[in-house]
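A short worksheet on the structure shown next.
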Amino acid sequence: MKRTLIALLLVFIVTGMVSAQGAEEAAGAYPERPVEFVAPASAGGGTDTFCRLIVDIINKNDLVDGNIVVINKPGGGGTVGAAYASDTNRDGNYTLIAINGAQALGLRASTEVDASNLVPIAALAMDNVLFVGATGSQYADFDDVIAAAKSNPGGINVGVADNLDRLCVEMINDSVGIELNGVYFDSAGEISSAMLGGHVDFGIMNPNECIGQIQADMMVPLAAFTEKRLDGDFASAPTFAELGYEDVQFQMFRGIMGGAGMSAETVEYWSAVFEQVAATDQWKSDYINKRALDGNYMGAAKFGPYATKNSEQLFQMGKKIGLFE
Amino acid sequence: MGNFDLLMQGFGTSFTFANVLLAIAGGFMGLFVGAMPGIGAVTGVALLLPLTFKMDPTSAIIMLAGIYYGNMYGGAYSAILLNIPGDSPAVMTALDGYPMSRKGRGGKALFAANISSFIGGTVGIITLTLFGPLLAKVGLKFGPAEIAALILLALTSIGWLLGEDPLKGIVASALGILISTIGMDSMAGGVGRYTFGSVNLLSGFSFIPLVIGMFGLPQVMELMAKKQEGESLTSGKRLTLKESLLDRSELKRILPTAFKSSILGNFVGFLPGAGGTTGSFLAYVLEKKTGKNSKEMGSGAIEGVAASESANNAAAVGAFAPLLTLGIPGSGTTAVLLGGLMMWGLQPGPLLFIQQTDFVWGLISSMYIGNVACILAGLIMIPFLMSILKIPRGIIAPMIVFVCIVGAYSVNNNMFDVWFMIAAGVVAYVMQKHKYPIAPILLAFVLAPRFEQAIRRAFSISNGSAKIFIEKPISAALLAATAIFIFAPVIMKLVKRLRTK
Amino acid sequence: MDILIVIIEIIVALVWIQQGIVRYQFWNDGKPGGGFVPVIFASLVLIAAVAILMREVFSKKNKETYTFQPGAFVPAAAAVLGGFMIQVLGILLSVFLFNTIWMRFLSRYSWVKTLISSVLFTAFIYGIFRMWLRVPFPSGFIFQLF
């Protein structure tokens, strides 16, 4: 008697759990199950903020009838997350991944990870790049930088946070004919402390990484890698074209790709969603304007070839200077 | 207006009934999350941050301060109770805390951890209030060369400090460094090192699976090796709350240690890129070298718990100074908070102190409130935590093993970490049985990447010249201290030998 | 066994030194390369390990004190099993079955005690890690089949 009771109880609990587990994957129109949005970076960083803000906007405006979960897969400069998202055992239709220009370059250069089966969906913004110095140093403008670098070749240090930043330094070296020394740091924050402490001379940064220090007059943007001058706090920085170096120009895309084998309809579904996200006021004010990005939206048709071309160009450049094998 | 008036004004905005409740609620949540292996302070705050987006910034930051503090307190709990440090500074806490538990003094260890955390937090906040901007500027003087010298000082003391066999201690710490070199080489454009072609190794091993594997699993293996059933973790000793309260002599033992360690830890916290682990480790070393009970340390000395916990909490507060005064996050958690500030529409940076005085002093005052809330929450939780020690082995063992699995998985949401955790556990168990100390592996693993980056950055800045380490006064002094540390015991021995002759 | 561990350490150190010098470079372009720190500390492992080896071989005092206890490896084996269970059955069922099997058949508790503690523990893990902290566990290989 007791034995049957226990057996019954066991069966009861187990079936309850099976159905609960099953309920997590409830059915309906697409998306039938929660969609995994992979942030190939740790919580709190630029890529993570990008992902979480997008999901926040989608939820607030009811753009998707279902659940999107942000999953952090940090490591390897984005390659670990990309390896996860491009796994062919996964259902590509339920996988999204945020990829930026630096991560795309890392993937192109990686010999360990092949993520070419990720499906481009859309680019939501272009991030700008600045050449920044500390206020009160001996360098008041970019001409001072050139003069210093000419008298001390290889002795002027520029903090960089990844390969892309390093390439920006090489672009300057190539075009101006000087030899600035790129020193790797883990993040823009670390570059800031080293620069303010006088341990390196300059830094390569995105506008949102230095806006606070620029407003407080602790740092000065000395030149911008942009096509036109930026507004507001960055207006004092001339573009490299203005300084006479037309080919020093660069922007980093921030886009979203789908998992391996995402169907054409699903790509269309998501690019419509992200187009709506990019059109909201919250996106424009909280992300684009506040962080001095350019908000040009690119659909799948444009973004795919662009991303490939962009990382290929950068890869070849890096190869030339011996950054990659 | 002086800082004191501003602080009082800050209390004016933050000290409302609702906010105090939020702080306590945050404290409980933080304690809980911090005590879960696999969810560190960074993840904890990041996961709970969205909860606060709907509140006004002041209430939100108060709740976050509670969560943050709770996390720091909570990391010690699992270290003491289960030998599973919740975060990297808690490794030092486990060294003495867990032996205390096994001897039936787990309750005392918990109380000591709570009180020391409170002291560390308080010393940290007071320093932040009085000298925050100044110390942040001093911190900037620590560039790559200085940080490299500081961590070298910590690294050289590891092997000597722990374990009975110095040779095996050296092997253990150097092996920890080798493990840490696996993965992406961030200093050379992100090339994989020692990955042997594996994608999973590309990101390197994470600390949490390693620590769960090397500390948590072996201790269950130890329990299962002996065949005595029905016994609880404390080997059958009875635990009562009354006996677990600290008596006066014990308080006397921990107070000086806690203050000394708080000041040291707090200062390390101000340095960019040194981290709380360096702080709690150096404080432990200091206590071991100068304290009265140094012989007992490592086998259940209450001072060990006090030194580690107070230094790590003080360092955690110190990390706020660069964030608030320079807009530069000094630790992973403050980086998450930086993201939070932006979500609330605040521009983090040096101007925050000038333009948003309400907010900044509200934040600082909420750190006082958060700290008090946490010690209250902690004291309420201790009796419940102590009951974990009374659970018989046969029941707790499967639970610990499963929590180890879940904790390892949660760090990167990756099964690979689970397999790694188990492998690390078996290796650690076997090594331990052959008298290799395990803690040096973990400490070296945490400190080595920072050391490697700093030393290579310094060489990169100086274009390959080693002079940079000697020319700078701070790094030269630290290197001299390191040299003394290495050679002093040798010289002392020589002198002794000469004298006896 | 002691000597076996030392030999493994020496092999690891040699691999690290070889790779560090050949592939990642000790000194590169006037700066420390990717092999700088690994080679230095691998050399340290090598020296210390050889010293331990010499001591083991030449001293007669140091007898092996460790006795193999098979019971110790039960938790490790169980953890491997638990890992597979999560992948196949999903988190919920795995916690429950893992705890139930261990308590009933390893610790030999009564069914009643076992079930009560398993249900509570399952609720604890699921409530905290899955519902509150939203850890995305594998959804269970079996469930994907349907």
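Since every read-out is calculated from the coordinates, none of them should be taken as a lab result. Predicted, not measured: the structure shown is a model, and the values here were computed from it. Glycine gets a Cβ as well: all are built from the backbone with ideal geometry, and neighbour counts include every protein chain shown.
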Practice item. Please order B:S203, C:S59 by the number of other Cβ within 10 Å, starting at the fewest. Key: C:S59, B:S203
Practice item. Run through the DSSP bridge list for chain A and note the antiparallel percent, rounded to the nearest 5. Key: 60 percent
Review point. Looking at the square roots a ≥ b ≥ c of the eigenvalues of the Cα gyration tensor of chain C, which shape do they give, rounded for a/c under 1.5, prolate if a/b is larger than b/c, or oblate?
Key: oblate
Check your understanding: Classify region A:130-234: rounded, prolate or oblate, from the alpha-carbon gyration tensor (a ≥ b ≥ c, eigenvalue square roots; a/c under 1.5 rounded; otherwise prolate if a/b is larger than b/c)?
Key -> rounded
Exercise for review: Could you name the aspartates and glutamates whose alpha carbon sits less than 13 Å from that of A:K320, not counting residues in the same chain fewer than 8 places away?
Suggested key: A:E170, A:D174, A:E312
Check your understanding: By Kyte-Doolittle mean hydropathy of at least 1.6 and Cα axial length of at least 15 Å, which whole DSSP H helices of chain B are selected?
Key -> B:17-35, B:144-161, B:166-180, B:393-412
Revision key, fill the gap. If each K or R counts +1 and each D or E counts -1, the residues other than A:A223 whose Cβ falls under 12 Å of its Cβ total -3
Check your understanding: What's the exposure ranking of B:T93, B:T195, B:T334, going from fewest to most Cβ atoms within 10 Å?
Key -> B:T195, B:T334, B:T93
Review point. Residues with beta-carbon under 12 Å from that of B:A76, excluding B:A76: net charge, scoring Lys, Arg +1 and Asp, Glu -1?
Key: -3
Study note, to complete from the structure: In this structure, the FRET efficiency calculated for B:L379 and C:V80 from their beta-carbon separation, with R0 = 60 Å, to the nearest 0.05, is 0.90
**Study point:** Fraction of antiparallel bridges per DSSP, the protein assembly as shown only, in percent to nearest 5
**Key:** 65 percent
Review point. What is the fewest-to-most order of B:I441, B:I369, B:I470, B:I84 by other Cβ atoms lying within 10 Å of their Cβ?
Key: B:I470, B:I369, B:I441, B:I84
**Study point:** region B:54-94 residues near the modelled C:F124 label - backbone nitrogen below 16 Å, point 7 Å along Cα→Cβ
**Key:** B:77-84
Review point. Which far-off residues, 5 or more places away or on another chain, put their amide H under 5 Å from the one on B:D185, with H placed in the peptide plane?
Key: B:G190, B:V191, B:G192, B:R193
Point to revise | Environment charge of C:L53, counting only residues whose C-beta is closer than 13 Å and scoring Lys/Arg +1, Asp/Glu -1 | key: -1
Practice item. Along Cα→Cβ, 7 Å out, is where each label goes; now give me the distance between the ones at B:F17 and C:R108 in nm to one decimal. Key: 5.8 nm
Review point. Once you put a point 7 Å from the Cα of A:S137 and another 7 Å from the Cα of A:L9, both along the Cβ direction, what distance in nm separates them?
Key: 7.1 nm
Exercise for review: Determine, from the Cβ-Cβ distance of C:M54 and A:D114 and an R0 of 56 Å, the FRET efficiency 1/(1 + (r/R0)^6), rounded to the nearest 0.05.
Suggested key: 0.75
Exercise for review: Could you tell me which helices of chain A pass both thresholds, a Cα extent of 27 Å or more along their own axis and a mean Kyte-Doolittle hydropathy of at least 0.0, with helices taken as whole DSSP H runs?
Suggested key: A:2-24
Check your understanding: Based solely on its DSSP helices, what 222 nm [θ] is calculated for the protein assembly as shown when runs of n ≥ 4 H residues each add -39,500 (n - 2.57) and the sum is averaged over all residues, nearest 500 deg cm²/dmol?
Key -> -20000 deg cm²/dmol
Study note, to complete from the structure: If one compares the long axis through the Cα atoms of helix C:111-125 with the longest principal axis of the Cα atoms of chain C, the angle in degrees, nearest 10, works out at 60 degrees
Exercise for review: Would you pull out the residues with amide H under 5 Å of A:A134's amide H, same chain only if 5 or more places away, H placed 1.01 Å from N?
Suggested key: A:V220
Exercise for review: Give the Kirkwood hydrodynamic radius (Å, one decimal) of chain A, defined as one over the mean of 1/r across all pairs of different Cα atoms.
Suggested key: 21.5 Å
Exercise for review: First check a/c for the protein assembly as shown, with a ≥ b ≥ c the square roots of the eigenvalues of its C-alpha gyration tensor; if it is under 1.5, answer rounded, and if not, answer prolate when a/b is larger than b/c or oblate otherwise.
Suggested key: rounded
Check your understanding: For chain C, modelled as a Gaussian network with Cα springs under 10 Å, which listed residue fluctuates most, C:Q18, C:Q69, C:Q87?
Key -> C:Q18
Check your understanding: Across region A:121-138, in residue order, what do the Karplus-derived ³J(HN,Hα) couplings come to in whole Hz, using 6.51 cos²θ - 1.76 cosθ + 1.60 with θ = phi - 60° and x for Gly and Pro?
Key -> 10, 6, 9, 9, 6, 10, 8, 8, 10, 10, 9, 10, x, 8, 5, x, 7, 6
Review point. Between B:V495 and B:K103, what length comes free when the chain is fully extended (0.36 nm per residue of separation minus the Cα-Cα distance, one decimal in nm)?
Key: 137.2 nm
